[in-house]
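In what follows, a single structure is set out as structure tokens and then discussed.
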Amino acid sequence: MKPIEMIAWFTKDGVPNPIRYKLDDSVIRVGQVTSKSEEKLAGNRMIVYRCQTEINGELRPFELKYEIQTCKWFLFKM
């Protein structure tokens with residue numbers, strides 16, 4: 001679970017939607033959000049985004065987590 005810098009847009013209700021994130025020195029675009037759910041991790045509410053994007057001609061799945069209380073983004077699985 002690695003903290004990342006994220007560019008996202010928010011709905012009027014305050015729900016974030018990821019666009020792209022920075023991992024080390026690379027910027028990775030979120031190609032498609034395949035599912036979105038909510039979970040509690042150690043008592044903290046998190047929104048879990050299962051996504052996929054094309055990297056070097058290969059479709060790669062990954063998982064992003066948004067911690068609601070602190071407004072922080074994490075790359076969970078890549």
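Residues that are closer than 14 Å to PHE74 by Cβ and surrounded by 12 or more Cβ atoms within 10 Å (Cβ to Cβ) within the range 1-25 comprise ILE4, MET6, ALA8, PRO16, PRO18, TYR21, LYS22, LEU23, listed in sequence order. The set of residues from the range 4-37 being out of contact with any strand residue (DSSP E or B) (no Cβ under 7 Å at 6 or more places or on another chain) and not in a loop (DSSP other than H, G, I, E, B) comprises just one member, SER26.
Taking the conditions (1) part of a loop (DSSP other than H, G, I, E, B); (2) without any contact (Cβ under 8 Å) to a residue 12 or more places away in the chain in turn, LYS40 satisfies each one other than (1). Number of residues in the range 26-53 that are out of contact with any Phe, Trp or Tyr (no Cβ under 9 Å at 6 or more places or on another chain), modelled with pLDDT of 90 or more and surrounded by 10 or more Cβ atoms within 10 Å (Cβ to Cβ): the value is 5.
Is it true that GLU5 is in contact (Cβ under 8 Å) with a residue 60 or more places away in the chain and acidic (Asp, Glu)? Break it down stepwise before answering.
Details: in contact (Cβ under 8 Å) with a residue 60 or more places away in the chain: yes; acidic (Asp, Glu): yes.
Yes: the conditions hold for GLU5.
The values are calculated or read from the model by the stated rules, or taken from the named source; none is laboratory data. Not measured: the values here are computed from a predicted model. Reconstructed Cβ throughout: ideal geometry from the backbone, glycine too, with neighbour counts over all protein chains shown.
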